[in-house]
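Below is one structure, written out as structure tokens; the observations come after it.
Derivation of every value follows stated rules applied to the coordinates shown; laboratory data play no part. None of the values given here were measured: they were computed from a predicted structure. Cβ sites come from the backbone with ideal geometry, for glycine too, and all protein chains shown count toward neighbours.
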Amino acid sequence: MSLSSPALVGRGPELDLLTEVGRSAGEGRGSSVFVLGEPGIGKSRLVEEAVAAAARTGARVLRGRAASAGRAVPLRPLAEAVFSGLRGEGAPADGDLGPYEPLLSRLCGLAPQDGAPLVGYAEAVLRLLGVLGRTHGCVLVLEDLHDADADTLTIVDYLTDNLPGQRAALLATLRGGPGPALDLAEAAVSRRAASTLRLTRLGPAHTAELAARCLGHDDAGKVPAAVLDRLHAVSEGVPFVVEELLRAMVDSGNLVRTRNDGWTVTGALNAGVPTTVAAAVLQRVDHLEPPGIALLEAAAVLGRRFPVDVAARVAELDRMTALRQLRHAARAHLVTDGATAEQPGWHSFRHALTADAIAHRLLPAERAALCLAAADAIEAAEAAVPEPRAARPDRGGEPRGLLGGGSGDDLYRLAAELCVAGGQPARAAALLTRASRQAVLRGALLTAVELLDRGLELTADATDTPPETVARLLEELLGTLVLTGDVQRVPELGDRLDHVLIAWGAPAARRATGFLTRARAAATAQQWEEGLTAVRRARELLGAEPDAASRAALDAVAAHLVLGSQRPDRLESARVLAEGALAAAEAGGLPEVSCKALNILGYCLRTHDLAEAEKVFERLVSTAETHALPVWRIRGLLELGALDRIRFTGTDRLLAARKAAEETGAVLLTAVADTNLAQAHMLRDDLDGALEYAGRLHATAGRLRLREVQLIGVAMDAVIAASRGEREKLQAALHVLETAMAGGSAGAVWGYADTSVWGWARGVCSLLLEEPDRAMAEFTEADRTMRALPSTRGVIGFLGPYLLLRTVRGAAGWAELDGEAADRLTQVHWDRPFVGWSRAVLLGREGRAAEAAKAAEEALAGTDTIPMARHLCLRLGAQAALTDDWGQPVEWLRTAEQFFHDRGTTRMSAACRALLREAGSPVPRRRQGHDTIPPELRRTGVTAREYEVLRLLGRGLGNQEIAQQLFLSPRTVEKHLASLRNRTGQSSRTALRGLARRYADGQ
């Protein structure tokens, strides 16, 4: 019979609180609650009752539990929860999760890691909860969070901050002892992102009530007093212990049911029942058959949750016998009834105390022998499992492997801890190396680093560790740190690796691989010279004739390092290296190295030949598509889109690249696309569009806590502020960037923070504020800076206005305009008109008026999509035309004045009016209300007063009524109407009234 209480006892207020959490989630008021307490206190039972109440209202419930065996298993609880959410009625339909579906695949181990940040997975889980809970809410239950890995805790921390306002709630259980999980919970509470609920032991009255419920009564008075005394003395108010002791009493025959459904004591209640719950558990274990006892002893060293096949192999049982013994153990309430869909091949002990009780009764030598046998079984089982391959989640079938995905990371980790327990730390370290590789494949990079550090700790204490094991640990750790971007430890670890390899007598090629990893880390950290030193060391080790694969890999990373360096020959050297790497990679069948080399080669060509650069990037896309390298394909598409932005401010290919990045969950590449799109819209003077994409950058950075993306968003804010002539906002954004760069936290924002911000933004802002001397100084500084950043040269478009400004001032002549630099500028859409107007200014200065006017008009061709560049040319060039008497400077100034007035660039429009006065031309008056005139009427010269008259005419008013409304004489109204007919080309009052109706309501 079952001796579990059918009702929750002693937790009324706590249950009410959690039930309200579930109900609030269904109403869009999501929250997080951490339920704390010692083992057996009833955390799981309380949460189960609460989620049952939520489920009755229609809420979806997702469940996951952290592993208790050995060290924490990466992302296990979240993988289980996600799998439970992708099954059954109400599962997300295709397209519901959008770009986050691939991230869920990687989280569950069904697709390879692509370098997406861990917080991307957190957002994917949040989106899944939102989709599942959109109707009645969703509750995510994560059990035993104290056993969770660092990656899982990072995602949980993110969820606590982002669940408020969602139709989802998080209920997590953990023990109350010190540890990372408790630190996370307390930190979340301190920032008011979550709450905690700490369960205490039951008092005597509730312990008695629980005993009565377990025995089928509502009244504690029907429980024999001797039973209650024993429960109070031994259980100390822990519900699990209460239930276990009652079960032992009944199973021993010392507590029996009477005919009237009462209970009576027939013997000594402590006979055969020790004073600990472990004894109560072991009493039931000993009633099993010997094969069942052997199976549970083997399972106990594996932890609370155990793989059945491994336990069976250790107990020397075939699978069918093992399953039969598990059925007997389940009837004895020692293990759960069976495996779940989320955990095929795994069973669990009913409680962690059950596994502890069984394991602790083993002698140390027995336990060590079982641990080593279990490690042997795991290694043998894993050797027979094929490598995991990328796949989409199959919502209709059973997930692959023991975890529903790749199973190697948790099993190798478990085997390692078993080896530690069995006294073989060196073997454990080797197994942790394998576990780390599997963790990387699952995207759990922090966990992989933790595993490798643990392996190094073990080797430090084990004098018999083979050098090969230490070397592999260090090699894996170096490579993983490069993936995470945390490369501060790389130099010290790299030196350590080289010392180990030298002492071991490893081949030179093996040492060279270590230096190659260090070079890649230096490129990530933008430590160009340190990286090139590592490349030289690798080349020295490989000798004069390295193998093709090593040469290609070294040339590719060297090209990257040289391009970023301050070397005067960096462009040509980087190009030669990239071409060499490409040739060797293609000959050796190394597509990823080919893509890297093509990428660098495209950067080199982009500085002087955009058409050739386009061919290279197209080749990159083709290579990536041929060899199924999605991330490199997206990078190639982004570069092609960037070229479109440079050459004609196009966005089609950028939008296609952004869509591809979103579909694959490549968050950082999506941000790069948003950066380029923001720039494209800004160059078009579409500030609303630029703000939209800058806003997306900030949203992505805030949601996923990506500092680098946040800084690029700030750079875009600076550029937009500059284009509005808002220097105060520009300076605030620049201060943020300068602080970040000084602190070494700017990452890849360096290119934007130099030429794009300091060059374009500062100089153009000063031009718009009519401060040409300051603009000249800022452009000059930017030009100097740009020469140290060849990969951005000629891209952003500040060299054009800089050239025209110097030409107007007599600082640039034909030698420069007829040179290669000017030719390169003509490839850049935004710079092109400035080059043409510079030629016109020089022609006009030489008295070649007709040629100058023609050059100026030709320079304006194709500038309709870049109106600010067009009108800056008119403003700067018209001044020279007035001085040298060529072209149509008055018309140009009127056009520029109107444009800058309309966009709110008041200082520049005022400067245009001042030049018109100097030219003796009538100056447009900007009376109050002028800005309300529609642009098409403003261009015809309609005044603010005339627009008022026109609107009233459109409402059907006559001259007398209009005069009364505007406090004018009827004669004045008639004059305004005549002027309106003349300006708008309307032949009669009737025709004018037809036009006026369009503006009657201020449209």
query = Relative to the first principal axis of the alpha-carbon coordinates of the chain, what is the inclination of helix 970-984, with its axis defined by its Cα atoms, in degrees from 0 to 90 and to the nearest 10?
reply = 80 degrees
task = Assign one of three labels to segment 654-733, namely rounded, prolate or oblate, based on the Cα gyration tensor with a ≥ b ≥ c the square roots of its eigenvalues; rounded applies when a/c is under 1.5, prolate when it is not and a/b is larger than b/c, and oblate otherwise.
result = oblate
Set of lysines near Lys615 by C-alpha distance (under 21 Å), chain-local residues within fewer than 8 positions excluded = Lys596
message = Once each part is reduced to its C-alpha centroid, what is the distance from segment 430-500 to segment 513-573 in angstrom?
response = 22 Å
query = Given only helices, namely DSSP H runs of n ≥ 4 each adding -39500 (n - 2.57), what is the per-residue ellipticity at 222 nm of the chain, to the nearest 500 deg cm²/dmol?
reply = -20000 deg cm²/dmol
request  = Work out Dmax and Rg for segment 539-678 from the C-alpha atoms and quote the Rg first, both in angstrom.
outcome  = 15.5, 48
ask   = According to a simple spin-label model (label point 7 Å from Cα along Cα-to-Cβ), what is the distance in nm between Glu625 and Thr780?
value = 4.9 nm
task = Give the residue from Val281, Leu554, Leu620 lying farthest towards the positive end of the charge dipole for the chain; charges sit on Cβ (+1 for Lys and Arg, -1 for Asp and Glu) and the dipole is referred to the Cα centre.
result = Leu620
remark   = With +1 on the Cβ of every Lys and Arg and -1 on the Cβ of every Asp and Glu, the dipole magnitude of segment 204-273 about its Cα centre, in debye rounded to the nearest 20, is 220 debye
Cβ-placed point charges (K, R +1; D, E -1), dipole of the chain about Cα centre in debye, nearest 20 = 3060 debye
ask   = Where does helix 290-302 land angle-wise versus the long Cα axis of the chain, in degrees 0 to 90, nearest 10?
value = 30 degrees
note = Debye calc, one equal point scatterer per Cα of segment 280-362, no solvent, log10 I(q)/I(0) at q = 0.11, 0.23, 0.24 1/Å comes to -0.22, -1.07, -1.18
key: Anisotropy class of segment 800-924 from Cα gyration tensor, a/c 1.5 cut   = oblate
query = Most exposed first by the Cβ proxy, i.e. fewest other Cβ within 10 Å, how do His698, His871 rank?
reply = His698, His871
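Ranking Glu80, Glu540, Glu728, Glu14 by Cβ neighbours within 10 Å, fewest first, what do you get?
Fewest-to-most ranking of Glu80, Glu540, Glu728, Glu14: Glu728, Glu540, Glu14, Glu80.
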remark   = Farthest towards the positive end of the dipole of the chain, among Trp346, Ala194, Leu677 and with Cβ unit charges of +1 on Lys and Arg and -1 on Asp and Glu, lies the Cα of Leu677
query = Can you put Glu851, Glu857 in order, fewest other beta carbons within 10 Å first?
reply = Glu857, Glu851
ask   = To two decimal places, what compactness ratio does segment 444-588 give when its Cα radius of gyration is scaled by 2.2 N^0.38 Å?
value = 1.10
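Based on the inverse mean of 1/r over its pairs of different Cα atoms, what is the Kirkwood hydrodynamic radius of the chain, in Å?
33.7 Å
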ask   = Could you list, bin by bin from short to long, the percent of Cα-Cα pairs of segment 167-273 in 5 Å steps?
value = 2, 11, 19, 17, 11, 8, 9, 9, 7, 5, 2, 0
remark   = Calc'd 3J(HN,Hα), segment 410-423, phi into Karplus 6.51 cos²θ - 1.76 cosθ + 1.60 (θ = phi - 60°), Hz, glycine/Pro = x, comes to 6, 6, 5, 4, 4, 4, 5, 5, 5, 5, 4, 5, x, x
inquiry  = Tell me which of Ser909, Trp814, Pro889 sits at the most positive position along the dipole axis of segment 777-910, charges placed on C-beta atoms (Lys, Arg +1; Asp, Glu -1).
reply    = Ser909
request  = Find how much the distance from Leu363 to Thr258 grows on full extension, using 0.36 nm per residue of separation minus their present alpha carbon separation; answer in nm with one decimal.
outcome  = 33.7 nm
ask   = Could you list, bin by bin from short to long, the percent of Cα-Cα pairs of segment 12-198 in 5 Å steps?
value = 1, 9, 18, 23, 22, 16, 8, 3, 0, 0
request  = Compute log10 of I(q)/I(0) for segment 930-997 with the Debye formula, placing one identical point scatterer on every Cα and leaving out solvent, at q = 0.29 Å⁻¹, to two decimals.
outcome  = -1.46
request  = Calculate how steeply helix 707-723 sits against the longest principal axis of the alpha-carbon atoms of the chain, using the helix alpha-carbon long axis, and give the answer as 0 to 90 degrees to the nearest 10.
outcome  = 20 degrees
key: Shape of segment 963-1003, Cα gyration tensor, a/c cut at 1.5   = oblate
key: Under 23 Å from the Cα of Lys854 - lysines, other chains or at least 8 residues apart   = none
query = Under unit Cβ charges (Lys, Arg +1; Asp, Glu -1), what dipole magnitude, rounded to 20 debye, does segment 946-1003 have relative to its Cα centre?
reply = 200 debye
